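For reference, the structure is listed below as structure tokens.
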Amino acid sequence: MISLNFPELTSYNLWLIFGFVTLFLLFVSSVLIYHWRQYGMKNKNIIIAESIYLAGFFALLVLAFVSLILY
């Protein structure tokens, strides 16, 4: 059986991962929002989808942040 040796998950490493993931997701979110607003033509369904996406995104971001603080 193959043994995998992962580096120790220290608080610093978790904050670093959180920062990189947050930056990546902010970039992806800004691209999505740009396209929704640029090409969605103010469709009601696009506005609803954008609201749901942003609410879920920020809820998960806050949950991850609080989890890191309590770690």
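Rule-based calculations on the coordinates, nothing more; no lab input. Worth saying up front: this structure is predicted, and the values here are computed from it rather than measured. Ideal geometry is used to build each Cβ from the backbone, glycine not excepted, and the neighbour counts take in all protein chains shown.
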Discussion item. Using only Cα atoms and rounding to the nearest 10 degrees, what angle (0 to 90) does helix 11-39 make with the longest principal axis of the chain?
Written reply: 10
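Please report Thr22, Thr10 as a ranked list, fewest other C-beta atoms within 10 angstrom at the top and most at the bottom. Numbers along the way, then the final one.
Numbers: Thr22 13, Thr10 10.
Exposure proxy ranking, most exposed first: Thr10, Thr22.
Once you have the alpha carbon radius of gyration of the range 24-70, what is it after dividing by 2.2 N^0.38 Å, with N set to its residue count? Can you show the working numbers first?
Values: Rg = 12.9 Å, N = 47, 2.2 N^0.38 = 9.5 Å.
In units of the 2.2 N^0.38 Å rule of thumb, it is 1.36.
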Discussion item. For the range 1-21 and the range 29-43, what is the centre-to-centre distance using only Cα atoms, to the nearest Å?
Written reply: 34
Worksheet entry | At R0 = 30 Å, FRET efficiency that the Cβ-Cβ distance of Leu68 and Val31 yields, to 0.05 | 0.75
Worksheet, complete the sentence: Computed over the chain: longest principal axis from alpha-carbon atoms vs helix 44-70 long axis, angle to nearest 10 degrees, is 20
Worksheet item: Between Ala55 and Asn43, what is the spin-label point distance in nm, taking each point 7 Å from the Cα along the Cα→C-beta axis?
Response: 2.0
